[in-house]
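One structure below.
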Amino acid sequence: MFARGACGTMFAGLNRMHIPDGFLDAKTAVGTAVFAASGLAVALWHAKRAIVPRKVPLLGLSAAFVFAAQMVNFPVAGGTSGHLVGGVLTAALLGPSAAVIVLTTVLIVQCLAFADGGIMALGANIFNMGIVASVCGWMVYALLVRAIGMRAGVKGRIVAAVVAAWMSTVLAAVVCAGELAASGMVAWRVVFPAMAGVHALIGIGEGVITGLVLAAIGSVRPELLAGDEELRSGAGKGSYQAVMAYGMLAAVGVAVFVAPFASPLPDGLERTAERLGFKVREAGSEAGAPLAEYKLPGVGSPLVATAVAGVLGTITVFGIGLLTARVLVPRKQDI
C-alpha cells in the first residue's frame, strides 16, 4: 500500500507498505499526524485499563513478530508484492488498543532506524496501518465473532480474523488513496479503484497469513484467542514463558532465513504510482538512519547484512513494546 522513499530512482531498496516523504502535502501530513497522535493517546489510555496483566509480555512479542513479518514481501498477481500489516492479527490476540501500540512501535522504529517511510509521512503511516487497519479490522472481527455467537470457538474466531484482515488491508488502502487525492498527487476517481483493486489481492495474503498464525497459536494455547473476560475468570492458567521463547525464536528465524529472500517486486503503492504516472515531489532522505535499506553497514554480503539488521530491529521493537506494556500495566502476576 505504501512504498518507501525514493533515492535516485522513484523507489529504492526493499519495497514496503509505507508512504515516503513527498507523496503528501503539508496539510495532509499535519492532519494525519494529529489523527494518529489522538488515536495513540486513546489507545494508551484504554490499554492501561483493558489489557489483561498476563498478556503484557505478549505486546513485545507481537511487535517483534510483526516487524520481522513486515520485512517479507510476498508476490501477488500482476507483478506486485505485498506484506503482512498485522493489525488484525495483533488485535485478535491482544485487543485493538494494544494493536495500535504495537503497530505504532514498529512503524516508528522502521522510520527512524531503517528509513522505511518518510518522517513527514509518519503520522499518515501510523494512522493508516496502526489505527485504520487495526481498529477497523478489529471492529469487523468483533462483529463477525458476535454474529457467529457461542458457536464461534477457535475455528470461528480464525475465520472471522481472516475476513477482517482482508478488509483491513483494503480499508487502509482506500484511506491512503484519499490522502493522495487530498494532497493533489492524483485524482480520487483514478487512484481509488487502482489502490482498492491491487490491495484486494494483497489482502488475500494478509488474511491467509493471519489465519495460519492464529491457527498455530490456537492449536497450542487456545486461551490466547479467548476473550479477556474468559482470561480474567481463570481460563488457560499457566505460564506464557514457552510461548514467549518459541515466538521470539520464530520472529528471529523469519528475520534471518526469510526476510533476505523477500520478493523484489514493487508493492501496491509503487505499482499504482507506476501505472498512474505520478512521481515523488522530493526524494526521501536516509540521513541519520543507521540501518537504512534494512542492511547493516560494512557487511559485504547483502543477505547477511539484511539478516543482521532484521535481528537488531526485531530485538529493538521487542524491548520497546515490552517496556511500554510494563509502564502501562505494572507487573501484577507472573507470566
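Filter the stretch 249-268 down to the residues that are within 18 Å of GLU293 (Cβ to Cβ) and either in a loop (DSSP other than H, G, I, E, B) or touching a Phe, Trp or Tyr at 6+ places or on another chain (Cβ under 7 Å) (or both) and list them by number. If the condition is that a residue be within 18 Å of GLU293 (Cβ to Cβ) and either in a loop (DSSP other than H, G, I, E, B) or touching a Phe, Trp or Tyr at 6+ places or on another chain (Cβ under 7 Å) (or both), then ALA262, SER263, PRO264, LEU265, PRO266 are the ones that fit. Here MET244 passes the criteria (1) assigned to a helix (DSSP H, G or I); (2) more than 28 Å from ILE202 (Cα to Cα); (3) out of contact with any helix residue (DSSP H, G or I) (no Cβ under 7 Å at 6 or more places or on another chain); (4) at pLDDT 75 or above except the one numbered (3). The set of residues in the stretch 48-70 that are surrounded by fewer than 24 Cβ atoms within 10 Å (Cβ to Cβ) and more than 13 Å from the chain's Cα centre (by Cα) comprises LYS48, ARG49, ALA50, ILE51, VAL52, PRO53, ARG54, LYS55, PRO57. Considering only the stretch 121-153, state which residues are over 14 Å from ALA172 (Cα atoms), surrounded by 24 or more Cβ atoms within 10 Å (Cβ to Cβ) and hydrophobic (A, V, I, L, M, F, W, C). Hit for the stretch 121-153 is ALA121, nothing else.
Any residue in the stretch 311-332 that is under 19 Å from the mean Cα position of the chain (by Cα), modelled with pLDDT of 90 or more, more than 24 Å from GLU206 (Cα to Cα) and crowded, with 22+ Cβ neighbours inside 10 Å? Yes, there is a match, as at least one residue in the stretch 311-332 is under 19 Å from the mean Cα position of the chain (by Cα), modelled with pLDDT of 90 or more, more than 24 Å from GLU206 (Cα to Cα) and crowded, with 22+ Cβ neighbours inside 10 Å. Filtering the stretch 171-185 to residues that are surrounded by fewer than 24 Cβ atoms within 10 Å (Cβ to Cβ) and closer than 24 Å to VAL208 by Cα leaves LEU171, VAL174, VAL175.
Helices (runs of 4 or more DSSP H) fully within the stretch 121-240 that include at least 3 residues being at pLDDT 95 or above and not basic (Lys, Arg): 122-125, 137-148, 153-182, 188-220.
The values are calculated or read from the model by the stated rules, or taken from the named source; none is laboratory data. Computed from a predicted structure; not experimentally measured. Note that we place each Cβ from the backbone using ideal geometry, even for glycine, and neighbour counts take in every protein chain shown.
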